[in-house]
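The values are calculated or read from the model by the stated rules, or taken from the named source; none is laboratory data. For clarity, every value in this text was computed on a predicted model and none was experimentally measured. Cβ: placed from backbone, ideal geometry, glycine included. Neighbour counts: every protein chain shown.
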Amino acid sequence: MDKNNQHKNITLRQHNADDLPFMLALYATTRQAELAMTNFSEQEKNQFISQQFNAQYQHYLQHYNSEHFDIIELNGAAIGRLFVDYWTNEIRIVDITLTSQYQNQGIGSYLFEQLFTLARAKKKPITIHVEHNNPAKKLYQRLGFELKTQTNDIYLLMQWTP
């Protein structure tokens, strides 16, 4: 299926409790490389992932408006998550993650373009945090995000301005 037709079949729907197992599994994929460098047993890795996912998820729920915490679907099947919070002065992408088989297919760029259209209409910048060494940083730069601030040695706050 070509990308343009594929994008027509992408939808967002608000996440719910039934999505938590999918979201946990998705989160686990983002930590695989890091955990491969440890000597944790599989049980210890699973416990660590579960604890970290729950902490992150609770943090997101506590500090952001979860009204737009969405599951990305392709033809009705969950393939990722896009968590966005709409602030007075900016649109904050809290999290965007796609399953590995749907990465590098233009889906993330397509979703960003949808947000860019909204940001232009609202005349608001879009911001996103990214780890300094995260490969997604190159995508964000290619899409026009620029460094806004560096909060520590790990995280950068990047901004796209309409």
Confirm whether residue 79 is surrounded by 17 or more Cβ atoms within 10 Å (Cβ to Cβ), closer than 18 Å to residue 131 by Cβ and under 13 Å from the mean Cα position of the chain (by Cα). no
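Here's the yes/no breakdown for (1) out of contact with any strand residue (DSSP E or B) (no Cβ under 7 Å at 6 or more places or on another chain); (2) part of a strand (DSSP E or B):
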site: 95; (1), (2): no, yes
site: 105; (1), (2): yes, no
site: 109; (1), (2): yes, no
site: 112; (1), (2): yes, no
site: 117; (1), (2): yes, no
site: 137; (1), (2): no, no
site: 148; (1), (2): no, yes
site: 152; (1), (2): yes, no
site: 156; (1), (2): no, yes
Apart from one, (1) part of a helix (DSSP H, G or I); (2) surrounded by 12 or more Cβ atoms within 10 Å (Cβ to Cβ); (3) of a type in the set (A, V, I, L, M, F, W, C); (4) free of Cβ contacts under 8 Å to residues at least 12 places away in the same chain all hold for residue 26; the odd one out is (4)
Residue hits (segment 61-79; among the aromatic types (Phe, Trp, Tyr) and modelled with pLDDT of 95 or more) are 69
Among (1) touching a residue at least 60 places away in the same chain (Cβ under 8 Å); (2) within 23 Å of residue 155 (Cβ to Cβ); (3) surrounded by fewer than 16 Cβ atoms within 10 Å (Cβ to Cβ), residue 38 falls short only on (1)
